[in-house]
Amino acid sequence: DYPPVLYVRGNLPSQDEPCLAVVGTRRPTTYGRHVTEEIVTDLARSKITIISGLARGIDSIAHRTALDAGGKTIAVFASGLDIVYPGENAKLARNIIEHGALISEYPLGTKPKAENFPLRNRIMSGLSLGVLAVEAGERSGALITTHQAVEQNRDVFAIPGSIFSPMSKGTNRLIQEGAKLVCNCADVLQEL
C-alpha cells in the first residue's frame, strides 16, 4: 500500500540515519507527558530522528521535545502540506521544517478527513525502524500505527502504564501481545 507520491517540505534524513515513530493519545496524562519528554530527549540526543503525526497530545510533545533536544523530527500530515492540522501547531510545523521535514501523500489544498489519518499512519511506520507507543486507549489511532508496523516488519515498543489508567490499556495490551516493554531510551537503542 505504497503512496503514489510523497510531498516534502524541509530536509529528509539520509538513508543511514535511524528513525523511530512515536505515537500516543491526544489526551496524555502527566505520566505520558513526562515519559515522552524523557525518552524522546534521550533518543534525539542519540541521533534518532523522531517521526510522528503532529496531532495534539503525544505527537506534539514528541516533535517539540526532539526539537528542544537539538534533534531532527518529521511530521506526517493527513492533509496537504499547506493545511496544518490542528491549526494550533502552525508554529511547530514551521520549526519542524527547519530541523526535519513535513511529509504528505496528499496534494496542496487537501483538507484533513477522518479516513486520511489511519492511512498516514502507514507512512509513519514505513519510514521508521520501529514504533514506540507511549499511551493509548483501547481504540487509539496509535494502535493502528503499531499494527501497520507489524505488517511492515518493524519493531513495536510500548511504555507500560497503570492497570487502572484508561490511557494505558492499549499499550499494556501491546506488551501482552509481544511488543517490547520500554522503561528508558536504552531499551529502544538496544533493539535498534
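Just one of the numbered conditions (1) at pLDDT 95 or above; (2) of a type in the set (A, V, I, L, M, F, W, C); (3) farther than 30 Å from Phe164 by Cβ is not true of Leu12: (1). Reported count of residues in segment 21-36, each being open to solvent by 40 Å² or more (accessible area, probe 1.4 Å) and either in a loop (DSSP other than H, G, I, E, B) or in contact with a strand residue (DSSP E or B) (Cβ under 9 Å, 6 or more places away or on another chain) (or both), is 3. The set of residues in segment 37-55 being open to solvent by 50 Å² or more (accessible area, probe 1.4 Å) and part of a helix (DSSP H, G or I) consists of Glu37, Glu38, Asp42, Arg45. Of the residues making up segment 159-192, just one is more than 18 Å from the chain's Cα centre (by Cα), within 21 Å of Lys47 (Cα to Cα) and open to solvent by 80 Å² or more (accessible area, probe 1.4 Å), namely Gln190. Within segment 11-33, the set of residues being in contact with a helix residue (DSSP H, G or I) (Cβ under 8 Å, 6 or more places away or on another chain) and within 14 Å of Gly126 (Cβ to Cβ) comprises Leu20, Ala21, Val23.
Pairing each residue of segment 1-20 that is assigned to a loop (DSSP other than H, G, I, E, B) with any residue that is among the hydroxyl-bearing types (Ser, Thr, Tyr) and open to solvent by less than 60 Å² (accessible area, probe 1.4 Å), provided the two are 6+ apart or on different chains, yields C-beta distances under 6 Å for Pro13/Thr49; Glu17/Thr49.
Number of residues in segment 67-99 that are under 11 Å from the mean Cα position of the chain (by Cα) and aliphatic (A, V, I, L, M) equals 3. As a summary of the residue check, Lys91 satisfies the conditions (1) part of a strand (DSSP E or B); (2) surrounded by fewer than 17 Cβ atoms within 10 Å (Cβ to Cβ) except for the one numbered (1).
The values are calculated or read from the model by the stated rules, or taken from the named source; none is laboratory data. Every value quoted in this text rests on a predicted model; they were computed, and no experiment measured them. Cβ sites come from the backbone with ideal geometry, for glycine too, and all protein chains shown count toward neighbours. Each accessible area value is taken on the protein alone, full model and side chains, heavy atoms only, with ligands, DNA and RNA left out. Shrake-Rupley method; radii C 1.70, N 1.55, O 1.52, S 1.80 Å.
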